[in-house]
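The values are calculated or read from the model by the stated rules, or taken from the named source; none is laboratory data. Note that the structure is a prediction, hence the values are computed from the model and not measured. Cβ placement follows ideal geometry from the backbone for every residue including glycine, while neighbour counts extend to all protein chains displayed. Heads up: the accessible areas ignore ligands, DNA and RNA and are worked out on the full protein's heavy atoms, side chains in. Shrake-Rupley method; radii C 1.70, N 1.55, O 1.52, S 1.80 Å.
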Amino acid sequence: MSDDRTEGALAYEHVDVLIIGAGLSGIGAAYHLQKNCPQKSYAILEGREAIGGTWDLFRYPGIRSDSDMYTMGYSFRPWTNAKAIADGPSILGYVRDTAREAGIDRHIKFNHWVKRASWSTKDAQWTVEAVRKTAQGEETVRMTCNFLFMCSGYYRYSAGYTPDFPGMEKFKGHLVHPQHWPEDLDYKNKRVVIIGSGATAVTLVPEMAKTAAHVTMLQRSPTYVVSLPAEDSIALWLRRNLPAKLAYGLTRWKNVLRFMLFFQLARRRPEQTKRAVLQRVREELGPDYDVATHFTPSYKPWDQRMCLVPDADLFEAIKSGHASVVTDHIETFTETGLKLKSGNELDADVIVTATGLTLEVLGGLEFSVDGKPVDLSQTLNYKGMMCSDVPNMVWVCGYTNASWTLKCDLTCEYACRLINHMDRTGMRQSTPRNRDPEMPTQTWIDFSSGYIQRSIDKFPKQGTRAPWKLYQNYALDIMSLRFGSLEDEAMEFSNPAPAKSGRVLEKIAS
């Protein structure tokens, strides 16, 4: 249970652990906390009105997972839907069912946008300030906690990224961004142009092509696209013949190992991997399709995240003639569409700017430690989850080369171990410290994707060796986070709990 602590004239609600965000990561963090630290009180602050995070925010046609759900699902709750590549509503239902069945939903405070967090070493606690939206307007709410779980994702929820294209104001049709899809948008029998070539674009094209007059995917440069079956036949066989948890575990590891092998092959033999991927595309689209122009990237496989399409739906839409790909640059918007630098024009009734996300570090919060502002870009990322010199704060962030939840589950397990270890040793503070100021640093992620490069300088850095190196390797992280020692040269445990006064001890003894 939470309590109230008074500071001056203000009452602060206090919990042992405060979770920021009620999306896939936040609900997972709460589950692990309930299971592994049942003695701890906690609350979840969610800026929006509903559970689900990304899966509640994004409502564009065809939204689906970009990883298989046997690895993107929680480790503790089997994914039982037949489709391995699942649609957004099914994923949202899975997250909400998890929260309801575990009683996590009772701990959520909705409409609380967290603005800042301040650590006090003297009190061994965070003071978190949020703006709560009410029917009467907005009010500031403050809470205190001993440990902070940041599950707010990595991008800004308020707006996606749209380049400042010349002449955008001239366009007379509908201009939309997938992050804020209009519920009443009618594109039936309309000409649609989707600007972009990432996961969102390759999802939108086949779905909108079902009813639109024609859909054109306009890209500046190609992306690697890989087709996989929407249903995992091996997973379905295992589920029919084995207990649910065992079948789920085996499927999970099968897929983890498969994608780890593929990633390592891509890194070590990029040209061989590239040829294999492009050969599959040629087989799908036929010998006459210009794969070299429209599906052959200039970068190596996994220098950017690959796009996954279930049952080759993108390729099927192209072959049917309901969709096409144009590789060109935009010169300007016009009243009726787009003029390209090649001189060609694309007529459109609807233009979708699937141009990416705007990255945001730790929910955009202002952090301070003992009154000193924290510049997160000057910190080092400890084990992919904590920031140097920032106490008692874990950032739950998934993999870029595998399912998001794989790393989130491990991070939450580690955080619970850390909390319990501090309780056992009587220490109230755990702080990663870099003992080697000469250690070279690198960017947090080495992807060349535009949405990464636009904002990566604002994120914590990584070092060149453990525990500051971000390996993006599930097997290594299991050894480090689930089984590795909590005490290493970088982790500083400090700030012991004050001894009980003689009077209090005397009272207890009597």
Legend entry - Among 273-283, 135-145, the order from most to least packed when residues are scored by Cβ within 10 Å on average: 273-283, 135-145
Inset, instruction - Would you mind checking which residues have amide H under 5 Å from residue 444's amide H? H placed 1.01 Å from N; only 5 or more apart, or other chain. - result: 462
Inset, instruction - Enter the Cα centre distance for the pair the stretch 51-87 and the stretch 305-363, rounded to the nearest angstrom. - result: 24 Å
Inset, instruction - Subtracting the Cα-Cα distance from 0.36 nm times the residue separation, let me have the gained length for residue 260 to residue 106 in nm, one decimal. - result: 51.7 nm
Legend entry - Sequence-distant aspartates and glutamates (8 or more away, or on other chains) whose Cα lies within less than 13 Å of residue 341: 328, 331
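Heavy-atom accessible area per residue, the stretch 1-148, 1.4 Å probe: how many Å²?
Values: 6120 Å² over 148 residues.
Per residue, the stretch 1-148 has 41 Å² of solvent-accessible surface.
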Legend entry - Extension gain (nm, one decimal) between residue 271 and residue 288, 0.36 nm per residue minus Cα-Cα: 3.8 nm
Legend entry - Length gained when the stretch residue 483-residue 97 is fully extended (0.36 nm per residue, less Cα-Cα span): 136.0 nm
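For residue 183 and residue 476, FRET efficiency with R0 = 56 Å and r from the beta-carbon atoms, rounded to 0.05?
0.80
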Legend entry - Mean Cα-pair separation over length for the chain, i.e. relative contact order, pairs under 8 Å, 6 or more apart, %: 18 percent
Inset, instruction - For the chain, build the charge dipole from Cβ charges (+1 Lys, Arg; -1 Asp, Glu) around the Cα centre, then report which of 466, 110, 204 sits farthest towards its positive end. - result: 466
Inset, instruction - Take the Cβ-Cβ distance between residue 76 and residue 305 as r, set R0 to 22 Å, and report the resulting FRET efficiency rounded to the nearest 0.05. - result: 0.25
Legend entry - Where labels lie 7 Å past Cα in the beta-carbon direction, separation of residue 159 and residue 497 in nm: 4.7 nm
Legend entry - Net charge dipole size for the chain [Lys, Arg +1 and Asp, Glu -1 on Cβ; Debye, nearest 20]: 1180 debye
Inset, instruction - Could you check the simple spin-label distance between residue 115 and residue 319, using points 7 Å along Cα→Cβ, in nm with one decimal? - result: 5.6 nm
Legend entry - Value at 222 nm in deg cm²/dmol, rounded to 500, when DSSP H runs of n ≥ 4 in the chain each add -39,500 (n - 2.57): -8500 deg cm²/dmol
Inset, instruction - With label points built 7 Å along Cα→Cβ from the Cα atoms of residue 427 and residue 446, find their separation and express it in nm. - result: 3.1 nm
